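S.K.: The structure is given below, and queries will be raised subsequently.
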Amino acid sequence: MPTRVVMPKLSDTMEEGRILRWLRKEGEHIETGQPLAEVETDKATVEMESYSTGVLRKLVASEGETVIVGALIAVLGTADEDISALLAEAAGQPAAAPPAETPAPALAAPVATAPTARATAPGPPAAPAASGRRAVRASPLALRMAAEVGLDVGALAGSGPQGRVIKRDIEAALAAAQPPAPVAASEPGQERPRAVRPTAPREGGAEVTAVDLSMMRRTIARRLVQSKGPVPHFYLTVDVAMDRTWEAWRALREEKSPVTLNDVIIKVTAAALRRHPEMNASFGGDHVKQYARIHVGVAVAVEEGLITPVVRDADLKSMEEIANLTKGLIERARARQLQPDEYTGATFSISNLGMYGVEEFSAIINPPEAAILAVGAVREVPVVEGGAVKIGRRMKITLSVDHRVADGAMAARFLQTLRRMLENPLLLA
């Protein structure tokens, strides 16, 4: 019986993946554990391995195509096995909604170029189309693109398997009407450019260029709507005197320490969470979950959006350990080479925009966490101490809190402790 190779669920937020490159050709014999394809998820680029042995009979999904989790992307079997039923399924597989939840496959050891994940196991065939309704032979991405620009998919000749309309067919139809804006070609190892659609006239004669959302940006858009709408946020801001911490940090730098100011903030925040476990929590419907371990997520800006690598057990690590760990996490995040266990499982997050000169902002909570700390720039400002005016260093921090988990007084007590520790770094001892 032929083996269905489907798009695996490689993270808790992944709903679809993009085939960047097939690493095997049709007709090749593949052993279990051999790399099959490079897949772009919402978090990273991974090398997907085959967990079955057989001949690669058919590549159902094309390079560059976006496929929903659980959808058929390839077929394995013997050289003379009949795979027509699976190909018919692929031609009409649904695009409106993802299939039933597919468990995330176990991760294999990383290879030299990218993290790896094995393809999901064979699953049940897709549900047949409803009676009287013609199955649309188009990929999910092609259907979405066509709907956005008003194209009739049925009028297009598909270049995919079994005449299936795929992304390049939509782009070709658009290009026939008007040439797209030029996009610089990417070099090997560089981020692939996002598709840019042709400009079209809009109200008042203005023109708009539509740039397709990256996998990461789509997930950010979906996740933040899930957070900002259902989660009742409230915000608390304090101004922290950073003079002593600044001097201590500068002394570390003079000793060639890798510790950054953000590493200091991570360590101090973890110590404050240890004293206020009610803030290291999440909402559980009819209960609040308080976590025994403190895993701090650190928001990192990457080319296509934002990702939050996790510093696990941050309260138990030294600042130098945190510095070395965060450096590696940030480098892998920007290279899109994080392993799933490196960006999942945070119990509290920190977002720092101080390096961009931002003095104050409010961050949106990353569910299921109950809070996130927004850190602004350290500024030199005139301050009054003992009736005299002098120059001091100040930093504003804003705590966004899920009101279902904590109230204002609980959050304020946590901020008091955090502020006191930042203003007196010896309290960490």
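The values are calculated or read from the model by the stated rules, or taken from the named source; none is laboratory data. The model shown is predicted, which means the values in this text are computed figures rather than measured ones. Don't worry about glycine lacking a Cβ; one is built from the backbone with ideal geometry, like all the others, and counts go over all protein chains shown. When the accessible area is computed, the model is the full protein with side chains, heavy atoms only, and any ligands, DNA or RNA have been set aside. Shrake-Rupley method; radii C 1.70, N 1.55, O 1.52, S 1.80 Å.
S.K.: In the stretch 272-297, what residues are of a type in the set (A, V, I, L, M) and free of Cβ contacts under 8 Å to residues at least 40 places away in the same chain?
M.R.: Selection gives 292 alone.
S.K.: Could you figure out which of (1) assigned to a strand (DSSP E or B); (2) farther than 19 Å from residue 361 by Cα; (3) open to solvent by 70 Å² or more (accessible area, probe 1.4 Å) isn't true of residue 383?
M.R.: (3)
S.K.: Still on this structure, please answer the following. In the stretch 386-429, what residues are in a loop (DSSP other than H, G, I, E, B) and among the acidic types (Asp, Glu)?
M.R.: If the condition is that a residue be in a loop (DSSP other than H, G, I, E, B) and among the acidic types (Asp, Glu), then 407 is the only one that fits.
S.K.: Now for a different question. Of all residues in the stretch 125-143 being touching a helix residue (DSSP H, G or I) at 6+ places or on another chain (Cβ under 9 Å) and assigned to a helix (DSSP H, G or I), which is modelled with the lowest pLDDT?
M.R.: Selected residue: 141.
S.K.: Answer yes if at least one residue in the stretch 53-65 is touching a residue at least 40 places away in the same chain (Cβ under 8 Å) and of a type in the set (Ser, Thr, Tyr), and no otherwise.
M.R.: yes
S.K.: Would you check which residues across the stretch 248-276 are within 30 Å of residue 390 (Cα to Cα), open to solvent by 50 Å² or more (accessible area, probe 1.4 Å) and in contact with a helix residue (DSSP H, G or I) (Cβ under 9 Å, 6 or more places away or on another chain) and list them?
M.R.: Once the filter is applied, which keeps residues that are within 30 Å of residue 390 (Cα to Cα), open to solvent by 50 Å² or more (accessible area, probe 1.4 Å) and in contact with a helix residue (DSSP H, G or I) (Cβ under 9 Å, 6 or more places away or on another chain), the stretch 248-276 yields 252, 260.
S.K.: Output the residue which, of all residues in the stretch 397-429 that are open to solvent by less than 20 Å² (accessible area, probe 1.4 Å), closer than 18 Å to residue 277 by Cβ and not β-branched (Val, Ile, Thr), is farthest from the chain's Cα centre (by Cα).
M.R.: Result: 421.
S.K.: Find the residue count for the stretch 363-420, including only residues that are out of contact with any helix residue (DSSP H, G or I) (no Cβ under 6 Å at 6 or more places or on another chain), modelled with pLDDT of 95 or more and either on the phi > 0 side of the Ramachandran plot or polar (S, T, N, Q) (or both).
M.R.: 3
S.K.: Something else about it: Restricting to the stretch 51-72, give me the number of residues that are modelled with pLDDT under 85 and either open to solvent by less than 30 Å² (accessible area, probe 1.4 Å) or not hydroxyl-bearing (Ser, Thr, Tyr) (or both).
M.R.: Counting residues in the stretch 51-72 that are modelled with pLDDT under 85 and either open to solvent by less than 30 Å² (accessible area, probe 1.4 Å) or not hydroxyl-bearing (Ser, Thr, Tyr) (or both) gives 1.
S.K.: Then there's this: What are the residue pairs meeting all of these: first residue in the stretch 153-179, first residue over 15 Å from residue 67 (Cα atoms) and part of a loop (DSSP other than H, G, I, E, B), second residue modelled with pLDDT of 75 or more and among the aromatic types (Phe, Trp, Tyr), Cβ atoms under 6 Å, and 6 or more apart or on different chains?
M.R.: Within 6 Å, no pair qualifies.
S.K.: While we're looking at this one, here's another question. Please identify the pairs in which a residue from the stretch 382-409 that is closer than 20 Å to residue 424 by Cα and free of Cβ contacts under 8 Å to residues at least 12 places away in the same chain has its Cβ atom under 7 Å from the Cβ atom of a residue that is hydrophobic (A, V, I, L, M, F, W, C) and surrounded by 12 or more Cβ atoms within 10 Å (Cβ to Cβ), counting only partners at least 6 apart or on another chain.
M.R.: 390/383
S.K.: Another question, then. For the list (1) within 30 Å of residue 366 (Cα to Cα); (2) modelled with pLDDT under 85, I need the number of the one condition that residue 18 fails.
M.R.: All conditions pass for residue 18, except number (2).
S.K.: How many residues are outside any strand (DSSP E or B) and either touching a helix residue (DSSP H, G or I) at 6+ places or on another chain (Cβ under 9 Å) or more than 15 Å from residue 168 (Cβ to Cβ) (or both) when one looks only at the stretch 46-78?
M.R.: The total comes to 13.
S.K.: Take the residues in the stretch 34-45 that are part of a loop (DSSP other than H, G, I, E, B) and within 23 Å of the chain's Cα centre (by Cα), then tell me which one is surrounded by the most Cβ atoms within 10 Å (Cβ to Cβ).
M.R.: Among those residues, the one meeting the criterion is 43.
S.K.: Another one. Is there any pair linking a residue in the stretch 355-369 that is farther than 23 Å from residue 221 by Cα to one that is modelled with pLDDT of 95 or more and open to solvent by less than 50 Å² (accessible area, probe 1.4 Å), with Cβ under 8 Å and at least six apart or on different chains, and which?
M.R.: Sorted first by the residue in the stretch 355-369, then by its partner, the pairs are 355/377; 357/377; 359/376; 359/377; 359/379.
S.K.: I would also like to ask the following. Filter the stretch 278-333 for residues that are charged (D, E, K, R), surrounded by 15 or more Cβ atoms within 10 Å (Cβ to Cβ) and not in a helix (DSSP H, G or I) and give the result. Step through it out loud before you land on a result.
M.R.: We begin by selecting, within the stretch 278-333, every residue charged (D, E, K, R); these are 278, 286, 289, 293, 303-304, 312-313, 315, 317, 320-321, 327, 331-332.
Those still in the list that are surrounded by 15 or more Cβ atoms within 10 Å (Cβ to Cβ) too: 278, 304, 312, 315, 317, 321, 332.
Those that are charged (D, E, K, R), surrounded by 15 or more Cβ atoms within 10 Å (Cβ to Cβ) and not in a helix (DSSP H, G or I): 304, 312, 317.
S.K.: Name the residue that is farthest from residue 77 (Cα to Cα), counting only residues in the stretch 1-11 that are open to solvent by less than 40 Å² (accessible area, probe 1.4 Å) and part of a loop (DSSP other than H, G, I, E, B).
M.R.: Here the residue is 11.
S.K.: Kindly evaluate residue 14 against the criterion of being part of a loop (DSSP other than H, G, I, E, B) and closer than 27 Å to residue 336 by Cβ.
M.R.: Spelling it out, residue 14 is indeed part of a loop (DSSP other than H, G, I, E, B) and closer than 27 Å to residue 336 by Cβ.
S.K.: How many residues are among the hydroxyl-bearing types (Ser, Thr, Tyr) and buried (at least 21 other Cβ atoms within 10 Å of the Cβ) when one looks only at the stretch 334-365?
M.R.: Of the residues in that region, 4 qualify.
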